[in-house]
1. Return yes or no: is residue 205 in contact with an Asp or Glu (Cβ under 8 Å, 6 or more places away or on another chain) and either among the aliphatic types (A, V, I, L, M) or buried (at least 20 other Cβ atoms within 10 Å of the Cβ) (or both)?
2. Just to be sure I understand, how many residues within segment 209-234 are touching a residue at least 40 places away in the same chain (Cβ under 8 Å) and touching a strand residue (DSSP E or B) at 6+ places or on another chain (Cβ under 8 Å)?
3. Scanning segment 63-78 for residues that are loosely packed, with under 13 Cβ neighbours inside 10 Å and over 17 Å from residue 180 (Cβ atoms), which turns out modelled with the highest pLDDT?
4. Just the residues that are in a helix (DSSP H, G or I), among the charged types (D, E, K, R) and more than 21 Å from the chain's Cα centre (by Cα), please, taken from segment 11-44.
5. Can you run down the residue pairs with Cβ atoms below 9 Å, 6 or more apart or on separate chains, where the first is in segment 190-208 and within 16 Å of residue 94 (Cβ to Cβ) and the partner is of a type in the set (A, V, I, L, M) and part of a strand (DSSP E or B)?
6. Do we find that residue 29 is more than 24 Å from residue 139 (Cβ to Cβ), at pLDDT 95 or above, aliphatic (A, V, I, L, M) and surrounded by 12 or more Cβ atoms within 10 Å (Cβ to Cβ) in this structure?
7. Can residue 148 be described as over 16 Å from the mean Cα position of the chain (by Cα) and either within 26 Å of residue 129 (Cβ to Cβ) or hydrophobic (A, V, I, L, M, F, W, C) (or both)?
Amino acid sequence: MYQIIQYFKFLLKSTNQHGVHSPFVYNLVTKCFYDKTKYSDYKTLKNYRKALLNNKKTIAVTDLGAGSQTMTQENRQISQMAKTAGSTYKRTKLLYRLSQYFNPETVLELGTSLGISTSALSLGNPNANITTIEGCPNISEFTKQNFEKFNLKNITLKTGDFNDELNHFKTNTFDFVFFDGNHQKQPTLQYFETLIETVHNNSVFIFDDIYWSEDMKAAWELIKKHPKVTVTIDTFFWGFVFFRKEQPKEHFKIRV
């Protein structure tokens with residue numbers, strides 16, 4: 001119910017490209033968000049998802065974050081996980097276009113799960129160096145095999161607690177970070193504070209499910225106020241964060 005109410009509020013305040021006066025954001029919206037091109041890689045994305053939806057294998061799941069809102073049992077079927085917890089096909093295609101549009105050299109994903117989003121990042125930019133972290137060892141092992149099956153060779157999958165793994169990346173620089181692993185306020189802010197040390201002027205952070213709960217919404221509002229953050233875009237399901245010093249601080253709500 002909270003998400004439904006928030007979505008109606010979002011619809012009242014959001015706009016499309018016609019309400020955007022920033023050239024940077026306008027180009028992103030028109031050339032990426034609203035790009036209607038039928039890319040050939042979309043077929044691979046669909047096949048990746050289809051293979052998961054048809055997989056009746058059961059996995060013992062260890063939830064280190066907020067967990068699933070629809071699946072609470074420890075043993076979960078791959079097909080049900082793909083149906084309820086994986087990114088939708090529409091969002092997967094958008095992530096593919098984002099990877100293609102920004103053309104990042106270094107990508108970090110927090111929360112691999114079944115690799116639906118990771119596959120989009122990989123196919124969108126095969127030259128990117130993608131690191132993805134998964135907390136559950138069983139899911140990690142299954143997904144690693146899936147990456148090999150679909151010949152996704154630019155992905156390094158690490159297994160472990162996000163905080164422990166992020167300690168290894170404090171001196172790195174990331175062009176693109178996708179936060180999709182722990183939908184709780186304090187951990188999200190902690191990951192943000194750790195990884196903000198790895199950004200440069202053209203880096204982009206994307207936060208999944210910013211309206212997951214009141215806590216996540218509160219985390220999003222605090223992120224927007226951070227002094228290093230200049231531009232944010234709220235698409236309801238994702239929150240985009242930019243650090244471009246040449247941009248005036250501005251917040252957008254865009255319907256996608």
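1. So residue 205 fails the test.
2. Residues in segment 209-234 being touching a residue at least 40 places away in the same chain (Cβ under 8 Å) and touching a strand residue (DSSP E or B) at 6+ places or on another chain (Cβ under 8 Å): 3 in total.
3. For segment 63-78, the residue satisfying everything is 75.
4. Hit for segment 11-44 is 13, nothing else.
5. So the pair list comes out as 204/177; 204/241; 205/177; 205/241; 206/177; 206/241; 207/241.
6. Yes, satisfied.
7. yes
For (1) basic (Lys, Arg); (2) surrounded by fewer than 20 Cβ atoms within 10 Å (Cβ to Cβ); (3) in contact (Cβ under 8 Å) with a residue 40 or more places away in the chain; (4) not in a loop (DSSP other than H, G, I, E, B), each residue gets a yes or a no:
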| residue | (1), (2), (3), (4) |
| --- | --- |
| 80 | no, yes, no, yes |
| 83 | yes, yes, no, yes |
| 90 | yes, yes, no, yes |
| 95 | no, no, yes, yes |
| 101 | no, yes, yes, yes |
| 104 | no, no, yes, no |
| 114 | no, no, yes, no |
| 118 | no, no, no, yes |
| 123 | no, no, yes, yes |
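The values are calculated or read from the model by the stated rules, or taken from the named source; none is laboratory data. What you see is a predicted model, and the numbers here were worked out from it, not measured in a lab. Cβ sites come from the backbone with ideal geometry, for glycine too, and all protein chains shown count toward neighbours.
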